[in-house]
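In what follows, a single structure is set out as structure tokens and then discussed.
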Amino acid sequence: MLVSPSVSFSPAAAQRRFSLGFAAVMLAVGLLHSLSELQQYRAHGGQHPWEPFLWELSSTLCTALLAPLIYRLHARSLRLPGWPPALALHLGGALGYTALHVGGMFGLRFAVYALTGVAYEPGSPGDIVIYEAGKDVVSYGFIVGLCHGLQLHEASRQREQDLLRLQTELAEARLTRLAEQIQPHFLFNTLNLISSVMYEDVARADRIVCDLAALLRQALNAQENGRHSLAQELDLIQPYLAIMQARFGERLQVELEASEAARACLLPSLLLIAPVENAITHDVAHSTGPVRLRVSAELRAGRLCLRVHNSGRAPAAFEREGAVGLANTRERLRVLYGEAARVNLAADGAGGTVLDIELPEQRA
């Protein structure tokens with residue numbers, strides 16, 4: 001599983017929030033127009049203060065109900081070949097909007113006036129259509145512009161989601177590839193080890209083969225999970241260290257130390273295999289005297305601090321071009337955590353090597 005700062009959301013919830021916001025905006029517009037009309041209504045001696053609210057809110061309500069239809073009509077026009085068919089579609093849409101808006105608006109007004117018993121004389125039908133048509137054409141064009149902006153925003157958001165999904169899939173594929181490289185890397189070295197031991201001590205070679213089988217089983221389970229606790233990672237390392245100690249004997253001295261809080265933290269599976277293998281393959285194998293390998297972990301200021309320290313050689317072998325182990329470690333952490341992870345390899349001042357890895361603290 002990738003660790004990312006993305007925020008999940010429900011499309012249905014987003015649609016509801018947009019609908020509520022749209023209704024609130026339309027209501028606010030209708031009330032503002034009503035208050036403005038109310039001033040003129042009183043200035044002309046109007047006797048029923050509710051009338052300006054009826055006039056403006058009936059118009060706003062019909063506009064709000066017709067706006068989704070205009071949105072769909074504009075979306076359809078964008079799929080037409082060329083601008084002439086789209087223009088013809090919008091001309092028909094403007095006529096239809098005017099007819100529905102005028103009919104719905106005055107239908108509501110006549111119904112309310114009939115219920116209140118107040119006379120209502122808006123004028124002749126011809127004068128009404130001419131007066132309202134000009135305003136409705138402008139309103140239709142304004143709504144189309146808003147719809148176009150919303151559709152551009154939606155298309156941009158969809159492209160961002162598609163890009164994010166592709167980036168996530170690419171990152172997961174890269175992580176899979178990197179993790180798959182780890183097992184052949186140490187498997188190749190372990191098989192070479194078995195080959196070198198089997199003619200000297202068959203019983204020892206048999207123990208190494210058993211440890212290798214346990215190691216591969218645990219590594220396969222860890223790779224399928226993607227992440228696990230540090231305690232599980234240390235349990236996975238132990239069969240490998242047993243193989244190496246069977247090979248080098250007293251030349252390899254191993255120490256594992258981790259606090260209980262650190263053991264409960266999550267980290268990418270197989271993260272420590274490559275550093276431990278590098279320390280042994282490039283240091284112990286090339287040292288004539290005993291080498292002490294120490295793996296430690298602790299929590300500091302909300303970060304999991306891992307350290308692989310060996311007393312063998314300086315880190316030149318780790319930094320050689322084409323090195324698989326450390327390169328995989330750096331790349332996996334970069335993909336998973338970005339700048340939140342840190343990897344530092346350096347000499348310890350006494351001829352040995354210290355590899356420090358810092359990760360954000362995460363628990364199951």
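The values are calculated or read from the model by the stated rules, or taken from the named source; none is laboratory data. Nothing here was measured: the structure is a model prediction, and the numbers come from that model. So basically every Cβ, Gly included, is an ideal-geometry build from the backbone, and we count neighbours across all protein chains shown. These area figures cover heavy atoms from the full protein model, side chains too; ligands, DNA and RNA do not enter into them. Shrake-Rupley method; radii C 1.70, N 1.55, O 1.52, S 1.80 Å.
Here are some notes:
- Note on L166 and A86: the model spin-label points, each 7 Å out from Cα along the C-beta direction, lie 2.4 nm apart.
- For the stretch 1-146, radius of gyration divided by Kirkwood radius, i.e. Rg to Rh on alpha-carbons: 1.10
- Once the chain from N344 to A23 is taken as fully extended at 0.36 nm per residue, the excess over their C-alpha distance is 110.0 nm.
- Highest average packing first - 271-281, 22-32, 327-337, Cβ atoms within 10 Å: 271-281, 327-337, 22-32
- Computed about the Cα centre, the dipole magnitude for the chain is approximately 220 debye when only Lys and Arg (+1) and Asp and Glu (-1) carry charge, each at its Cβ.
- As a fraction of the 1.4 Å probe accessible area of the chain, surface on carbon and sulfur atoms comes out at 61 percent.
- Segment L115-R363, length gained on full extension (0.36 nm per residue, minus Cα span): 82.7 nm
- Modelled this way, with points 7 Å down the Cα-to-C-beta line, the labels at H148 and V129 are 2.9 nm from one another.
- Working from Cα pairs under 8 Å separated by at least six residues, relative contact order for the stretch 1-133 is 19 percent.
- Shape of the stretch 236-280, Cα gyration tensor, a/c cut at 1.5: prolate
- Among L241, A258, H228 the positive-end extreme of the charge dipole of the stretch 224-263 (Cβ point charges): L241
- In order along the stretch 227-238, phi translates into HN-Hα couplings of 9, 7, 7, 4, 4, 5, 5, 5, 4, 6, 6, 4 Hz, rounded to whole numbers, per the Karplus curve 6.51 cos²θ - 1.76 cosθ + 1.60 with θ = phi - 60° and x for Gly and Pro.
- Note on E298 and A213: with the Förster distance fixed at 35 Å, the Cβ-Cβ geometry gives a FRET efficiency of about 0.60.
- Every Cα-Cα pair of the stretch 201-307 was included, and the share exceeding 21 Å stands at 40 percent.
- Taking all Cα pairs closer than 8 Å and separated by 6 or more residues, the relative contact order of the chain comes to 12 percent.
- Using the rule -39500 (n - 2.57) for each DSSP H run of four or more residues, divided by the residues of the chain, the 222 nm mean residue ellipticity is -23500 deg cm²/dmol.
- Largest-first principal axis extents of the Cα set of the chain (Å): 113, 46, 34
- Karplus-derived HN-Hα couplings along the stretch 54-60 (A = 6.51, B = -1.76, C = 1.60, θ = phi - 60°), whole Hz, x at Gly and Pro: 5, 4, 6, 6, 5, 5, 5
- Inter-label distance for E255 and D235, nm, one decimal - labels placed 7 Å from Cα along Cα-to-Cβ: 2.5 nm
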